[in-house]
Structures are given as C-alpha cells and as structure tokens.
Amino acid sequence: MEIVAAADSDERGLTLLRVVGQLQRVIVFLHSFACDRGHLWSTQSAEARQGPVMSDEQITKKDDDVSRYFTSPPASLVREICEELILSQENLKEVCDVLHEELNKGLGKDTNPEATIKCFPTYVRELPNGKEKGRFLALDLGGTNFRVLLIQLGEKCSMDSRIYAVPQPIMVGPGDGLFDHIAECLASFIKERELGDELLPLGFTFSFPCKQEGLTKARLARWTKGFKCAGVEGRDVVELLKAAIARRGDVKIKICAILNDTTGTLMSCAWKNHNCRIGLIVGTGTNACYMEKLEKVELWDGDLDEPHQVIINTEWGAFGDNGCLDFIRTEYDNNIDCESINPGRQLYEKMISGMYMGEIARQVIIRLVAEGLLFNGNSSEILEEKGSFFTKYISEIESDKPGDYNNCRVILEELGLNSATDTDCANVRHVCECVSRRAAYLAAAGVAVLLNRIGEESVTVAVDGSVYRFHPHFHNLMTEQISHLIKPGMKFGLMLSEDGSGRGAALVAAVASRNSR
C-alpha cells in the first residue's frame with residue numbers, strides 16, 4: 001500500500017507540474033502573441049492607418065525586447081521556425097529590383113529567349129470604351145473546371161453560364177482528348193440554348209503560358225496548374241480547338257480572340273473604370289498583365305499605328321526559375337517544388353498561389369509537431385497526407401477573431417486532431433498568418449513594379465482569384481505593402497474584377513469585332 005500510495009503521489013505531482021507548465025506556456029504565448037500581432041496584421045487600408053509605421057529595425061528590437069522577458073520554449077521556438085517566412089522591407093525591395101530586371105529581359109528581343117518571365121504581347125491594344133453591345137460566347141479554361149458563357153453586352157450586362165468539370169485523366173491525357181471534351185461541352189451548351197443557327201463571336205480565355213502570334217493565334221509554352229496533356233506544348237491552341245469542333249461538325253463558332261484570365265480581368269474592370277491598366281490573378285495560380293508602351297516592347301512585330309500600346313502578359317509565375325529568388329526561398333518551398341509535377345518551374349507562383357499555400361502551412365505544422373511544439377508532438381494520419389491542409393483552411397482560420405479559435409478547432413478536428421489547446425490553435429494561426437502574409441507581400445511587390453513601370457499618376461489594378469477574394473486580410477496586406485514600394489506621389493486602387501475570364505473574354509471579342517468592321 002505504501003508503494004502504491006507513493007506512486008499515486010508521484011503521478012499527482014507530475015500531473016500538477018504538467019498543468020502548471022502548460023498554464024505558463026499559455027500565458028507566455030498569449031502575451032508575446034498579443035505583442036506580435038501589432039505588426040503582424042494590418043486590418044485597415046493604407047490610407048486609414050493611424051500612427052507611425054515601424055521600421056524593420058524597430059520591429060526586430062521590439063521582438064528582442066519581448067523575448068528578453070518571455071522565453072518560454074514553445075512560443076519562442078515556434079516564432080523562430082516561422083521567421084524565415086517573414087520578408088523584410090529590404091527583401092521586398094530586392095524582389096522589386098530583380099523583377100524589374102527580369103521584365104526587361106522578357107521584353108528584349110535578344111534577351112527574351114533566355115528570360116524566365118516571357119512577357120508575351122497579347123495583341124490586345126485597345127481597352128473597352130463602355131459602349132460595346134451585342135451577344136457573345138466566352139469559353140474559360142484555367143483550372144480543374146471550365147465554363148461556357150453566353151453574354152449580352154449593353155447598358156446592362158446579362159450572363160448565362162454553365163460549369164463543366166475536367167476529369168483528372170483528361171488533364172494528364174492526350175491533348176486531343178482535352179479539346180474533344182471542351183468541344184463536346186460547348187456543343188451541348190449551344191444546343192441547350194438553341195443557338196445553332198446563330199454564328200456568335202467567341203472569346204477564348206486560356207489561362208496557361210502562351211506565346212501569342214496574333215489575336216487568334218497562341219502557342220502553348222508550357223502546362224501549369226496540374227495539367228500535362230501530351231502533344232499540346234508548342235502548338236496553336238486555337239487551331240486545336242477549331243479542329244475538335246470540326247471533328248464534331250454540329251456547331252458553328254467564330255473564335256475572335258484568345259486571351260488569358262489576367263487580360264480578361266483587366267478588360268472587365270476597364271469597361272467600368274478607364275484608369276485600369278493592370279490585371280492580376282491570385283487564385284489557383286498567379287499571373288499579371290499590364291499596358292506597356294510599344295517603344296519598350298522589342299518583341300513587337302505588329303503595326304506601329306495608334307494606339308502605341310499593347311497589353312503584356314508577363315507570365316510572372318515563372319519569376320525565380322533561374323535562381324534569382326533563392327535568397328528568400330525556404331526548405332518548404334524546395335520540398336513543394338521537388339514534389340510537384342513541374343520541378344524547377346513556376347517558383348514565384350509556388351510561394352503565392354492557392355495551389356500551394358495550404359501545403360506550405362502543412363509542412364511547417366508537421367515540422368512543429370515533429371519538434372514537440374504542437375499537439376504534444378502527436379500528429380494524425382490525415383495531417384501526414386500531402387495536400388490535406390487546404391488553402392481554404394488558412395482563410396477560415398484567419399477569419400476567427402483574435403483569441404477565438406472556433407474555425408481552427410473545427411479544421412483541426414477534421415484533420416484528426418481532437419485535443420488541441422488554445423496554445424496549439426494560436427500557433428497554427430501564426431503559421432497561417434506567416435504563409436499568407438508572405439504571399440500577399442510578394443504579390444504586392446510585383447504589382448508595385450508594374451505601377452512604377454507604367455508611371456501614371458493614378459492607376460487601377462483589376463484583381464481576381466480565390467485567394468484574393470476569400471482571404472480576409474489579403475486586400476489590406478497588399479494595399480499596405482504596395483504603398484511602401486511605389487514611387488512617391490502615385491495613387492492606386494485595387495478593384496475586384498467581376499468575372500474577368502468570362503465577361504472579359506466577351507469584351508475582347510467585342511473590341512475585336514468592332515475593329516474588324
């Protein structure tokens with residue numbers, strides 16, 4: 001009995017020590033976390049912020065001051081591990097400088113062949129004037145689903161659309177299989193709406209890197225976003241679609257233009273806002289386009305008539321493929337790249353876009369678990385699976401109010417982690433914030449470079465994509481950082497695009513039809 005009693009006493013003592021230790025870690029973490037959040041998130045626009053902006057040195061000193069008094073191993077180690085995901089102003093300015101140089105290489109006739117950012121001229125030179133009218137078809141392919149749309153332009157814009165899936169076997173199968181599938185769905189859409197006797201102009205949004213050789217001619221440079229259809233790279237995708245339609249022989253379509261989703265996003269917003277000069281996508285992938293002066297486009301092989309401008313499809317997702325971004329890439333970025341279907345390619349995109357953000361966060365969380373800093377070192381089978389931590393989880397977790405972890409707990413339970421403490425939830429949120437903040441700041445750096453190149457006093461940036469739309473802080477984070485990186489005196493606004501890949505495609509077709517009369 002004495003031995004048992006002694007054992008019980010020891011167990012109670014150990015339990016008490018564990019409880020006290022956990023309480024200390026919670027208190028320490030909450031204190032340091034509260035201090036840290038002052039500069040971790042901006043929930044207001046740049047214009048609405050009050051008080052001085054801290055420099056990186058001040059932030060570092062603040063962090064040092066906190067850690068001097070609070071040195072709980074879990075809190076300090078979690079922050080230390082996440083530190084490599086946090087970009088300083090010096091980092092971001094260097095990213096801007098390098099991107100500017102890479103864009104110049106892409107636009108240069110002699111340097112373009114070796115450039116990673118290809119800067120393809122789109123042959124779209126005019127923006128909508130707001131007076132476009134008529135009925136147009138639009139086809140939008142840019143991910144695991146695609147859409148067919150019937151759009152009526154005029155004083156009011158009406159839209160009828162249907163979404164079709166692209167099954168995984170088709171995404172990685174023969175190229176003819178992909179375009180036959182698209183043609184079949186397009187024919188079904190036209191027949192359902194009894195449009196067979198009407199020859200409607202079609203704008204084709206094809207959101208993959210292409211070298212355009214005309215408004216209706218574009219050769220696929222490389223597949224991205226999980227697609228790898230054989231026999232398509234290097235070929236004209238408009239001709240492939242026409243051939244698939246011809247094989248069916250049951251529909252009549254006039255393809256007036258091919259574009260990508262960034263151009264469509266720009267055109268859609270420009271229909272309403274005539275200051276719009278940049279289109280940005282931050283969704284499954286990321287890309288940007290902007291209006292450039294012809295004199296700066298050495299690749300231009302068209303006429304030199306008015307207007308002396310052309311929209312440039314940067315294809316900036318490939319920024320860094322030549323190693324120029326290695327100074328900010330992390331072990332998580334390297335892991336994701338190595339495990340992807342296109343290793344060594346689209347490295348900038350892999351740090352920003354929705355296809356990869358969740359997996360970056362998962363890899364950081366797995367490391368924290370392995371080091372005993374999360375969930376008492378206990379993982380779950382689901383969490384260990386690649387891709388199990390969806391990017392939408394980041395948005396949902398960061399939608400919780402400070403100190404409230406309802407969404408976080410639900411998500412962790414979905415992942416098989418049913419005993420997470422508040423400290424665990426706070427740490428998971430910190431990981432998510434670091435990943436999404438880095439993505440927003442990198443996207444902001446890219447936009448700042450384009451704004452500085454355009455050099456106009458006031459420019460609107462059209463933005464679309466699921467990450468930008470649904471992440472609760474992405475807009476504010478981008479706005480804040482762009483303000484720091486553009487030239488003094490410039491004004492800008494970020495405008496959410498209304499169906500750029502759909503209505504934008506119709507508008508490109510409308511402008512093309514207007515100019516062909």
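If you take the beta carbon distance between S458 and E101 as r and set R0 to 30 Å, what does 1/(1 + (r/R0)^6) give as a FRET efficiency, to the nearest 0.05?
Between S458 and E101 the formula returns 0.70.
So, in Å, what gap is there between the alpha-carbon centers of region 402-459 and region 183-235?
The distance from the Cα centre of region 402-459 to that of region 183-235 comes to 34 Å.
Rank-order 314-327, 337-350 by packing density, defined as the average count of other C-beta atoms within 10 Å over each peptide's residues, highest first.
Ranking the peptides 314-327, 337-350 by packing returns 314-327, 337-350.
Rounded to the nearest percent, how much of the accessible area of region 409-506 (1.4 Å probe, protein heavy atoms only) is carbon and sulfur?
48
Could I have the simple spin-label model distance between N418 and K228, label points 7 Å from Cα toward Cβ, reported in nm to one decimal?
For the pair N418/K228, the computed spacing is 3.8 nm.
Compare the peptides 300-313, 180-193, 468-481 by average per-residue count of other Cβ atoms within 10 angstrom and give them in order, highest first.
468-481, 180-193, 300-313
Lys and Arg at +1, Asp and Glu at -1: add these up for the other residues within a Cβ distance under 9 Å of N407 and post the number.
Summing Lys and Arg as +1 and Asp and Glu as -1 gives -3.
Give the shape of region 101-184 as rounded, prolate or oblate, defined through the alpha-carbon gyration tensor: a ≥ b ≥ c are the square roots of its eigenvalues, a/c under 1.5 means rounded, and otherwise the shape is prolate if a/b is larger than b/c and oblate if not.
oblate
Just to confirm, what accessible area per residue do you get for region 297-368 at 1.4 Å probe, in whole Å²?
Normalised by residue count, the accessible surface of region 297-368 is 35 Å².
Measure off 7 Å from each Cα along the Cα-to-Cβ vector at E184 and L299, then give the distance between these two points in nanometres to one decimal.
It is 3.5 nm.
With no solvent and one equal point scatterer placed on each C-alpha of region 443-517, evaluate the Debye formula and give log10 I(q)/I(0) for q = 0.23 Å⁻¹, two decimals.
-1.02
Keeping every protein chain present and rolling a 1.4 Å probe, give me the accessible area per residue for region 138-200 in Å².
I get 48 Å² per residue for this part.
How much length is gained on full extension from D400 to R469, taking 0.36 nm per residue of separation minus their Cα-Cα distance?
23.2 nm
If I model a spin label as a point 7 Å beyond the Cα along the Cα-Cβ vector, how far apart are those points for E306 and N275 in nm?
2.4
Using a ≥ b ≥ c from the Cα gyration tensor of region 192-350 (square roots of the eigenvalues), is it rounded, prolate or oblate, where a/c under 1.5 gives rounded and otherwise the larger of a/b and b/c decides, a/b for prolate?
Since a/c reaches 1.5 but b/c is at least a/b, the shape of region 192-350 is classed as oblate.
Grab the beta carbon distance between K109 and K386, set R0 = 35 Å, and tell me the FRET efficiency rounded to 0.05.
That gives a FRET efficiency of 0.25.
What is the list of residues in region 236-270 whose amide nitrogen lies under 20 Å from a point 7 angstrom out from the Cα of L199, following Cα to Cβ?
Label zone hits: 238-258.
Give, as ranges by residue number, the residues of region 174-199 whose backbone N falls under 13 Å from the point 7 Å along Cα→Cβ of K252.
Within reach of a label on K252, which here means backbone N under 13 Å from a point 7 Å along Cα→Cβ, region 174-199 contributes 195-199.
Could you pull out every one of the lysines with an alpha carbon less than 18 Å from that of K156, ignoring same-chain neighbours closer than 8 positions?
In chain and number order, the partners are K131, K133, K272.
Would you please put 256-266, 441-451, 198-208 in order of how densely packed they are, using the mean number of other Cβ atoms within 10 angstrom per residue and starting with the highest?
Highest-to-lowest ranking by the protection proxy: 256-266, 441-451, 198-208.
The values are calculated or read from the model by the stated rules, or taken from the named source; none is laboratory data. Everything quoted here is computed from the prediction, not taken from an experiment. Because the Cβ atoms are built from the backbone with ideal geometry, glycine has one as well, and the counts that use them run over all protein chains shown. Ligands, DNA and RNA are stripped out before the accessible areas are found, and what is left, the full protein with its side chains, is counted by its heavy atoms. Shrake-Rupley method; radii C 1.70, N 1.55, O 1.52, S 1.80 Å.
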